[in-house]
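Okay, so here's the structure we're looking at.
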Amino acid sequence: MMFRLAGLSVLGAGLALSGCASQDAPPEPTGLSQMSDYRLGSGDALRVIVFGEEQLSGEFRVDGTGSIAMPLIGEVQARNRTPREVEADIARRLEKGYVREARVNVEVLNHRPFFILGEVRNPGQYAYVNGMTALSAVAMAGGFTYRAKNDYVLVTRGSDPGKNVYKAPITTPVMPDDVVQIPERYF
């Protein structure tokens, strides 16, 4: 009888722990990890070229307020805008008394970093590289620990205004400003 009670209690504890092992996060909705409509944010480094006007061209960093400081026209809002939208804004403002038919190009030199937490050897902040997946992010962070659950990740998209945590496959794309968490397995 004692062995039966002990066996039932071990079984109950195992079931309770297995319930903890599956992270309760909804699957990631499609569209949150698209790079085609990349939105700029604080920390992005940009190269702005005004064709024919070298003194107006240069490298700029999006500051904490989400702006870049351009010669002649001053602060240009960049946060939550695409590089093409910033190009059009700069050209429009330069054409108001400074440059006739301004042709402007904006390109991202360095994206803001992403973050990886949980069961990796070196959690922390890392530089974003185009085409990254969660698996390549784990590789940058030194690989999985022996306790890592390596069949999915928990991701918080920097582009998600609600900062929701989603369950995603290990092959999911990683974007700048994302937080990737590698969960712990229990057995």
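When the residues of the range 90-125 are filtered to those that are closer than 22 Å to residue 176 by Cβ and charged (D, E, K, R), the one that is surrounded by the most Cβ atoms within 10 Å (Cβ to Cβ) is 112. Within the range 39-64, the only residue that satisfies the criterion of being touching a residue at least 12 places away in the same chain (Cβ under 8 Å) and hydroxyl-bearing (Ser, Thr, Tyr) is 42. Condition (residue is at pLDDT 95 or above and in contact with a helix residue (DSSP H, G or I) (Cβ under 7 Å, 6 or more places away or on another chain)) applied to the range 129-138: is it met by at least one residue? No: the range 129-138 contains no residue that is at pLDDT 95 or above and in contact with a helix residue (DSSP H, G or I) (Cβ under 7 Å, 6 or more places away or on another chain). Every condition in (1) touching a Leu at 6+ places or on another chain (Cβ under 9 Å); (2) more than 23 Å from residue 63 (Cβ to Cβ); (3) open to solvent by 10 Å² or more (accessible area, probe 1.4 Å); (4) not charged (D, E, K, R) is met by residue 183 except one, and the failing one is (3). Going by what's in this entry, would residue 166 be described as out of contact with any Lys or Arg (no Cβ under 6 Å at 6 or more places or on another chain), assigned to a loop (DSSP other than H, G, I, E, B) and aromatic (Phe, Trp, Tyr)? It is false that residue 166 is out of contact with any Lys or Arg (no Cβ under 6 Å at 6 or more places or on another chain), assigned to a loop (DSSP other than H, G, I, E, B) and aromatic (Phe, Trp, Tyr).
Scanning the range 138-163 for residues that are in contact (Cβ under 8 Å) with a residue 24 or more places away in the chain, within 18 Å of the chain's Cα centre (by Cα) and not in a strand (DSSP E or B) returns 138, 140, 141, 157, 158, 159, 160. Against the definition (among the aromatic types (Phe, Trp, Tyr) and either surrounded by fewer than 14 Cβ atoms within 10 Å (Cβ to Cβ) or part of a strand (DSSP E or B) (or both)), how does residue 128 come out, yes or no? No: the conditions fail for residue 128.
Here residue 102 fulfils each of the conditions (1) modelled with pLDDT of 95 or more; (2) of a type outside the set (Val, Ile, Thr); (3) out of contact with any helix residue (DSSP H, G or I) (no Cβ under 7 Å at 6 or more places or on another chain) apart from (3).
The residues of the range 65-93 that are part of a loop (DSSP other than H, G, I, E, B) and touching a residue at least 24 places away in the same chain (Cβ under 8 Å), listed by number, are 66, 72, 73, 78, 79, 80, 81, 82.
Exactly one residue out of 151, 178, 160 is among the acidic types (Asp, Glu) and modelled with pLDDT of 95 or more, and it is 178.
Taking the range 51-84 as the range and being within 26 Å of the chain's Cα centre (by Cα) and either open to solvent by 70 Å² or more (accessible area, probe 1.4 Å) or at positive phi (or both) as the test, the residues that pass are 58, 59, 61, 65, 66, 75, 77, 79, 80, 84.
The values are calculated or read from the model by the stated rules, or taken from the named source; none is laboratory data. Given the structure is predicted, the values throughout are model-derived calculations rather than measurements. With ideal geometry, Cβ positions are generated from the backbone for all residues, glycine too; neighbour counts draw on all protein chains shown. Ligands, DNA and RNA are stripped out before the accessible areas are found, and what is left, the full protein with its side chains, is counted by its heavy atoms. Shrake-Rupley method; radii C 1.70, N 1.55, O 1.52, S 1.80 Å.
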